[in-house]
1. For n ≥ 4 DSSP H runs only, could you compute -39500 (n - 2.57) per run for the chain, divide by its residues and tell me the 222 nm figure to the nearest 500?
2. Taking loop as defined by DSSP and a crowding limit of 15 other beta carbons within 10 Å, which GluC sites (Glu not before Pro) in the range 21-98 fit?
3. Would you list Val155, Val115, Val80, Val6 from fewest to most Cβ contacts within 10 Å?
4. If you average the C-alpha positions of the range 110-152 and of the range 1-67 separately, how far apart do those two centres end up, in angstrom?
5. Could you bin all the Cα-Cα distances of the chain into 5 Å bins starting at 0 and give me the percent of pairs in each, rounded to whole numbers?
6. Starting with the fewest neighbours, write out Leu61, Leu11 ranked by other beta-carbon atoms found within 10 Å of each beta-carbon.
7. Order these by the 10 Å Cβ neighbour count, fewest first: Arg67, Arg132.
8. Expressed as a rounded percentage, what relative contact order does the chain have, with Cα pairs under 8 Å and six or more residues apart?
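Read-outs: derived from the displayed coordinates by stated rules, not from any lab. As the structure is a computational prediction, the values presented were derived from the model and not from experiment. Note that we place each Cβ from the backbone using ideal geometry, even for glycine, and neighbour counts take in every protein chain shown.
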Amino acid sequence: MQERIVIGEILKPQGIRGELKVKPLLDEIGDIRKIRKVIIAGEEYKVLSSRFDASAAYLSLSGIADRNAAELFRGKLLEVLREDAPAPAEGRYFIVDIIGCELYTEQGEKLGEIVDILPAHTDVYVVRAGEREWMFAAAEGVIADVDVQAKKVTVNRERFLQVALEQ
């Protein structure tokens with residue numbers, strides 16, 4: 001399993017005191033308050049303060065004192081060490097743990113490998129099998145089981161075929 005977890009993307013500076021506006025990639029945006037240190041472009045920063053609203057989180061970090069310094073972080077990913085990340089709710093998983101899993105039907109038919117997940121209200125999984133590529137929404141009833149230790153995701157074949165699109 002990967003040591004670092006991406007928890008957000010820095011959108012822009014916020015104000016003149018070096019605060020960063022972040023697009024959170026967490027199930028619960030309020031979990032941003034639990035984070036005490038972050039990693040940006042391989043460098044670790046202490047979180048001095050955090051707040052959030054309905055669509056974004058705002059972080060003040062050590063070493064980023066003004067808008068000019070904050071501007072250098074625009075578009076960068078915000079990461080935390082796995083042990084510092086808020087634990088996902090039961091039945092939820094970090095995207096990084098799902099990518100690379102093999103996808104199977106409940107009957108044991110191998111469909112391919114999950115190569116990407118596009119975060120959305122209902123996440124969209126990208127599956128590759130040789131030259132073929134499928135996308136499917138993780139809609140209700142599609143995913144039957146997830147075993148990140150075995151790197152295996154199982155889907156209900158009938159429901160999968162209803163929502164899957166070949167690229």
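1. Numbers: 3 runs with 16 residues, N = 167.
That comes out to -2000 deg cm²/dmol.
2. Glu28, Glu90
3. Working: Val155 25, Val115 13, Val80 21, Val6 17.
Result, fewest neighbours first: Val115, Val6, Val80, Val155.
4. A separation of 28 Å, based on Cα centres.
5. Result, from short to long distances: 2, 8, 16, 19, 14, 12, 11, 9, 6, 3, 1, 0 percent.
6. On the way: Leu61 24, Leu11 15.
In increasing order of surrounding Cβ atoms, one gets Leu11, Leu61.
7. On the way: Arg67 15, Arg132 11.
In order of increasing Cβ crowding within 10 Å: Arg132, Arg67.
8. Working: 342 pairs, mean separation 31.3, N = 167.
Dividing the mean separation by the residue count of the chain yields 19 percent.
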